[in-house]
Each structure stands twice: as structure tokens, then as C-alpha cells.
Amino acid sequence: MALNYETLIRAASKPPGQRTTTEINDFIFPWLKQSLKKKQGIFQKISDDVIHDICKTITLERRPAWDVVIHQGDPGDTFYIILQGSVNIYRFDEDGPKPAELEFDTVSEFTKLDSDPEKREELIAQAFGNYIVTLAGGFDFGERALVTNEPRSATVMTIIPTDLLVVGREVFSRTLKAAHEKELQEKTDFINRCPLFSSWAPRLKRLVSLSLERGRFSYDSALYKQGTRADAVYFIWSGEVKITMDPLLHWLQYPNLLPQADPMKQRALELFLPMFQRSQPTNVHIPTVSSTDMHRESFAIKRRHMTFAEAEKERAQRILQLVLLTTGDIVGLEAYVCDLATHMNAARCTAPCDLFYILKHNFVRLQKRHGAQGLGERLREMVLLSLQAYPTRIIHLPLYTSLLKRQLAPPITDDQTSYHTKQSWLLHTNNTAAHPRLRRSGTTMYVSGKDRFMGATTDSRTDARSSRSHRVESSIAIKYVTKDQICVEKLEDRLKKWHSQMGDDSKAQIRPLTRFHVPNVTPNDIISTLPVHEKTEARSNGIVVSASLSGDGDKLISPLEQLLVNVQNAYYQPISTFDSVHAFRLVAVSIVSVFILILYLLPQSTRLTDSDVSIETELELNADALKSRWPAERVQLWYASQPWLLGANYLPSTSVNVLEMWQDKFDEITIKRELQWANNRLRMNTLRVFLHVLVWMEDSSQFFKRLDTFLDIAEKNNLKIMLVLFDECWNADPHLGEQPEPIPGVHNSQWVRCPGQYMVLNKTSWPILQEYTEQVINRYKSDDRIIAWDLYNEPECSKQVHIVLPLLRYIYSAARSVSNVQQPMTIGIAKWPLSTPLASFELAVSDILTFHSYSTLANLMQNITDLRQMEPDRPILCTEWLARPFGSTLFTHLEYFQSEKIGAIQWGLVAGRSQTYYQWHSPINAPMPKIWFHDVLYSNGTAFSQLEEKFYFELKH
């Protein structure tokens, strides 16, 4: 790359008239196209012809460090593209000091101050004004003066040696001006539509425009991670951003904001400290808690002490899905308003996103300029509203509780301070006079003797499921938590107006602010503040029972769990404080608790756990599905035309999962070699292959190109393909890009679900799954290379079957909406009995019956008998089998499959990075098993068993 770059510099250094066509076409143009289009600049959108036109006329400037490229107030005739290096942008405000002519050479003077950078920054601020932003290679600057014909609005100075490509006004107007005008107009439109800035004076709007940057992020890219420096506030112009949070990490990020005695702190230190070695720099702010000599075990080593399933379960329990933000929302505002050094949560794009953002120091300057109009208070209100939209058990986490008491508390004026002081004194005096025998025990206030329990507490525990009464002792707190109805409605209307102006009228209902009854908060008061879908039932004895699912991916709170929490809270009261009524209630609650516990532990009908509709509605839905599947006569004719189907579930040995198979590492050479083995050596005629919607979402044309290549290879080897569109097995959170390495000794350690937990639970993403289903099936509906469609693999693996079942119906409807499909469709049954709503639906929609069995031949035969009793006229295929240690072997099963003409598609062909030759739940670093679980060939083509290979070849079909 260095040689190529120097060649570029030599070519660009020549006057435009002296450059050869070869230098322009063979080097300058390819370098600019490949390098600059990857950056976050205007070159993402312009055509190749424009870049080629620029290459003919550009000139090169090589600037030393601390050289002024543009001076504020000068006329602008050139546009700059940074090839290599970095520049800083500075600006004097319009009503501040004016830029003056420099009386010294910045290069020499500022270079002398390398040993005193603080002095240099001070001189730069005096000479050039406020720091705005730093731009690196691939970015551009200087376009505003050329578009608006105004003087330069800022000063640009290099901070390291920098190479710049210079474009003159004439070339800029011919090639780039239209794109930049559009970019500037979109920025202006955003400012005028954004309620935060729309009412500002034109002078301040111009300042916002100069501070506003733009970024475009692809699907599944991280906007920021929890613990990274909070240096910007993001405004969503289009797209979606998912916010997640790990509460344990807060104890390392903000030790001064959280209670140090909380047991969660020790758990956080044990989990995270091994991840941060002192010798390795990190962007996460972690306070020093141990010496450098202390031995620290790496997180990778720590993880080897648990199975992969245990590690994933532990991670899933920690990570909270907070909210999905869309057009008009602000990302990262909490960290700015609360003045946090690092982000308290993580933000990831769930769709291609177009964002505007303002760096933190520029936002501080804007807030100071707009301080008279109460921008800070307005931002605080917006953060409060966004926090109140979170589920109750999340808003009561220790960090949020601390922020609400400190950074997010309303400012107190001098008059209010005087009033609060007087009221606090009166409150203290009245309490003391009324209860002279009051004593304090721990954090709870009790009354000595036979006086009643007051119920006042300052307990720091914030369990959202607790229904204990809290009394607010401070009048300042009373004023803070007591919200006037008009004030609350004003804040809610403001947020609704925000979404309306930003074009998001269909956003879900905003959760109202919590209203507290200060003297004595009861369960009934808490219930009245909840939205309809989270309302709880309050009984006369004060017990709150909730069975609602709150938030995205939140844990389901069962009635039993809620009841036990409230019983525990009741037991916290001292026995001496109970009168006869309280004692009677306690006995009644205990009896009811035991009774409910017995009922909860009794075996429950499967129908109650995986059906989201009544039995009658379920039968109606299944009856509708029966109307759209193939008639028995048609499917029998189809199956009679097929040979006995023998094959395997296929993943290249060089791929760790389906994402790696279909992305840039698509290994055509390996696929050709292994498919040839499948047909020539094992005489297979069918392969079952998994697809992934994320790859299609990233680039559908490339996705279909690779799929066509695969199908061509399969056709040349006489192999028919059954395509699997979705999958509910293993890791719930798939991500595009480089896939993790397999965990040594662990079966299928990096396999991922499709589409993944988030898209399954988020119904707003279901139309994407519908479009994917329709496009794939419609493209290959008459393709002879496809033998069948498996719509969804093992939905029984989901713990949210009540959500997956409606999704199955949705996907099935999308698949059937494609007309003239020539291949049968199926959803395989992986769990008995067949009477469950999920199995009933799978049977009702399948043209051909498919099932999975990793058990003995006796169990397999019973499964087939059950299916034939339910659907006697439908062909049957076993699309997953072969588990040698469990008695599912080639020698026991294949002859039976053949004699009954039941299709046999085993799991695994060539042993590789998926490591499915290990048994399920194998420990980390398990030795190579003597008896493989799945697979039949090594990656070099050698058979695991020569007898098995001979048995395959001798089968008559």
C-alpha cells in the first residue's frame, strides 16, 4: 500500500496537463474510488464519472503539521479532500472576537511547543477560536463557501503532516456542488423540523449548522458501546437504533454514583476485572482497584470454566433490551445531560441509519449560547420522559435511582432554598413532637414500645416488583416527586409533538410520568401509573400479582414470583409493630402463598404455555392453513416422481456457521470438493442447506449471486437442495461481519439463529422477514435445483413459543402468497407429543411431513407411526438424524428408511469448524471423541469409518 500511495503522490504532484492517461485511469482513479468511497463523506454518493472528472484536474498540496489551510473570513475558491493526515477546525462566533491577521508562522511557533501542548492550545484558542471537530483521511472540507458564496466560516489547520487534494471552484461547481447543496439543504431541513432547534433565531441556527456533522451507518453496526467515551449526541434522521444495557458494568463505570455495599458490585468486579488487563489500553473508564502485580485471569480463560450454554445464559440474563429508537429520537442524551464520562448503555443500528450528531464540547457551547431560553431544563425534561418510558423494574435500577436524585433533579432557586429550609425544619419538628420515642435501626424507622410501625424508610433497595410503602422525608423530595397534572401533560404533549414533527406519527403510546402520593405510597398508587398492558391487580390485602411481559426481551414476572416478593416485604416488618389485623393478614397471605406454590408446581398443560389463542381460534387458523397446502393427490404424484431421498444437512467445513458460509468468505472451492464427495463417494442426492436473512438484508444481489453459484455446483453433482429459511437453534443474537472462532471442544459453538431473538420479538421487523420469504421463494419457485422449502427449523427451541407461533403463521402466509410454487413446503416437527398447538400447526401447513429424531430405531419407528396416524396420505422425510452415541447410526436406520421410502437427511457431512462431531453439551477443551456424534468425512476426504463409506455406496437406490 505504501508503494501505491507514493505512486499516487508522484502522479498527483504533476500539473494536470502533464498527467498521462495511464496514471489517471490505472492508479489515481482506482485509488480514489476504493479508498474514498469507504469513508463517511460525499464520495459515498457520487458516481464514478464524477470521480474520473475530478482526477483529471485535481492538484496536490503537502502540508506540514500546524499549517493553516483555511483562515476564517477569507474568500473561498477551493475544496479540499484529505488523502492522509488530520486537520482541526476552529471558529470564532459571530458575536465574539473577530479573527485577526497572523503575526507569526504557526508551523515553526507551534512546533516549538510540542513539550507544552497546553500552552499551544491556549494560543490556538486565542488566534482561531473554539475547537469544532477533527477530520481524518477520506473526509473533505471547504464546501460551504463554494455553495453559499460566503467567506470562510472557520479556520482549518493541520495537526500532523497532511496530504490534500485540491479541487478548484470550476470543477467543484461542475461535479460536486449539486451533491453538497443537497447535503446542506437536508441539514437545514433537519434543523427547521427538529423541535429542539426549530424555534431558535437564525443566528443560532447557523451555529447549529456549523456544529452539526452527519454519519451514515449500515445495518447491525455499533453506534457506540457501553463504557466508551460519551463524546457526541446523535439525532436519528432515518433508521432504527436498539439500546441495550449491562447493569453490572455500571459498578465499574460509576463507582461514585452507586452504593458500595451492594452485593452486585462484587459480582461485577469478579466478572469484568479479568477482561481489563492493565498492560492493555482500553476506552472504558475503569477505576484502579488492584495492584499491577496481582495476577488476573483473562476473560477467555474464565469462560472456559462454563459450558457455552451456561455462558450464553449468563450473558442473556445480564443484558437488558431497553428501547428501539426511530426517526426523531435522540441517542446518547442521557450521558450528556447527566455529565457522564462514558455511555451507560450500548447503541446498535437495527436498520441502515442516517444520523446527525453534535460533539459534546460543541453541544456545551450551544447550550451556553442558548442558556437564557432554558435549553438545559428542556433537555432534562426530555431525558426524564425517555426514562419514564422504560419498564418499571429497569427504571428502579441503582444507577437510574441515583441519577434521578442527583443529576436529573430540578434546579433549586434561592427563594425555593429558603422555603425548603423552613419546611424541612417544620417537618422535622412535627415528626419529633408527635413521636418522642422514635429510634433508628439500620435504615428503617421504628417506634419504641407498642406504638405502630410508621413505614418510613430510606432503604436503598429498588426492586420494581416490591410493593412496600416509602415515605419521603425531605420537602425538596416532596416537591420533586409531586407532579402537577398540567405539568405532566405538558411534557407528554411536547414529546408527542416531537415525534409528530419528525414524521413518526405511528410511534407507540408514550408512557406517562409516574405520579407519587407522597405521604404514603401504596400498591394501588403504583398500579394507577402503569400503562394498560402492564397493569397489575391489587387485592384487598395489598398483594400485587403481575403476569405481564414488560419491555423488549424483559424477563416474565410470574404471579408466584410477584406474590413471594410481596410476602417477603410483609415479613420485613417487626413483629412488635403488628396489630391483630396485620397478624391475621400475614397468616392469610402465608396460607394463600403455599396454596399457589402447590398449584404452580403441578404439571401444567403444554397448551397453556405455547398457545397465544384459544382452542377454537387455533382450530380455525389451522383449518385456514389446510386450505392453502397441496392436496394429498398432488403431493403423492410429486413424491412418486422422486428417487429415495438420501442426503445430509450441509455446512462447508471451512465455515463456523451459516453467516460465515454466505458472506464474503463464501468458499466456492471447498463447496465444489465436498459436494463431489457427497455424490460420488456416498451416493447422496439431496442436501438440506440453511440461509440467513441478515445476509440478504445486507446485499440481496450478492446473496442471490452466491446462492445461484451454490445451486449450480449442486446441480453439476446431481444434488437437489432443500432450503431452510429460518432457524431457532443456538445463539440468539446473530451479527454480520467476522464470525467468532469455534470454542475448542464445544459442539456447534457459534451456530446462530435466523433471524435472531431481537427480530422475532420485535413485530415491527416482521415485514422484513415477509419480504425476504417472498423474494427467495418467488425467485426459485420453478427452479428444478430446489426440491423443497423448509420454512422454519425447530421453532420448538424458542422459550417464547407464544410469540414464535404467530410468527410461524405470518411466515407461512407470506410463503403461500407466492403463486405457482412448484416445490412442496414444510415445517419440521422436533418435539412430541403431536397434540401441542405448535405441532398441530406444523402438521396442518406441511405439504410433506418432516421430523427430527436422534434416538434409537424403536423410537424412530414410533415417531413415524404417530405421523402416519395423523396424516396417512402424506410423504415423510426425516430431515435431521444421526447421533451415534445415542443409537442413531447408519447401520441401524438407513435400511429402514430405504424400505419405507422415508427420506433420510442426516446432520453433518464433513467435519469442520462447526465441530458437530462432538456430542451436545460437551465441555470446553473436550478431547476428540472416539465415536463421532455427527459427520462422516474428515476435511481431507478421509472417512471416519471405512465401513460406513462402504455401506453408503452399497445401498440400492
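Criterion applied to Ser840, Ser817 was being surrounded by fewer than 17 Cβ atoms within 10 Å (Cβ to Cβ) and farther than 19 Å from Asp727 by Cβ, and the one residue passing it is Ser817.
On the stretch given as segment 112-125, residues that are open to solvent by 40 Å² or more (accessible area, probe 1.4 Å) and within 25 Å of Ser209 (Cβ to Cβ) total 1.
Open to solvent by 50 Å² or more (accessible area, probe 1.4 Å) and aliphatic (A, V, I, L, M) - does that describe any residue in segment 865-873? I'd like the intermediate steps shown before the answer.
Step one: list which residues in segment 865-873 are open to solvent by 50 Å² or more (accessible area, probe 1.4 Å), which gives 865, 868-870, 872-873.
Those left that are additionally aliphatic (A, V, I, L, M): 870.
Checking segment 865-873: at least one residue is open to solvent by 50 Å² or more (accessible area, probe 1.4 Å) and aliphatic (A, V, I, L, M).
In this structure, does Gly17 turn out to be at pLDDT 75 or above and surrounded by fewer than 18 Cβ atoms within 10 Å (Cβ to Cβ)? Answer is yes for this residue. Taking segment 705-733 as the range and being open to solvent by 10 Å² or more (accessible area, probe 1.4 Å) and under 15 Å from Glu660 (Cα atoms) as the test, the residues that pass are Arg706, Asn731, Asp733. The number of residues in segment 628-681 that are closer than 27 Å to Leu894 by Cβ, at pLDDT below 95 and of a type in the set (Asp, Glu) comes to 0. Annotation note: Cβ proximity below 8 Å between a residue of segment 686-698 that is more than 22 Å from Ala714 (Cα to Cα) and open to solvent by less than 10 Å² (accessible area, probe 1.4 Å) and a residue that is in a strand (DSSP E or B) and not basic (Lys, Arg) (sequence gap 6+ or interchain) occurs for Leu694/Cys754.
Where helices (runs of 4 or more DSSP H) fall wholly inside segment 693-768, the ranges with 2 or more residues that are of a type in the set (Gly, Ala, Ser) are 700-716.
Residue-by-condition table, conditions (1) among the aromatic types (Phe, Trp, Tyr); (2) free of Cβ contacts under 8 Å to residues at least 12 places away in the same chain; (3) touching a strand residue (DSSP E or B) at 6+ places or on another chain (Cβ under 8 Å); (4) surrounded by 20 or more Cβ atoms within 10 Å (Cβ to Cβ):
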| residue | (1), (2), (3), (4) |
| --- | --- |
| Arg169 | no, no, yes, no |
| Lys182 | no, yes, no, no |
| Gly215 | no, no, yes, no |
| Gly227 | no, no, yes, yes |
| Tyr234 | yes, no, yes, yes |
| Lys242 | no, no, yes, yes |
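Taking segment 20-63 as the range and being assigned to a loop (DSSP other than H, G, I, E, B) and modelled with pLDDT of 75 or more as the test, the residues that pass are Thr20, Ile58.
The values are calculated or read from the model by the stated rules, or taken from the named source; none is laboratory data. Just so you know, these numbers come straight off a predicted model, no measurement behind them. Because the Cβ atoms are built from the backbone with ideal geometry, glycine has one as well, and the counts that use them run over all protein chains shown. Just so you know, the surface numbers come from the protein's heavy atoms only, side chains and all, with ligands and any DNA or RNA stripped out. Shrake-Rupley method; radii C 1.70, N 1.55, O 1.52, S 1.80 Å.
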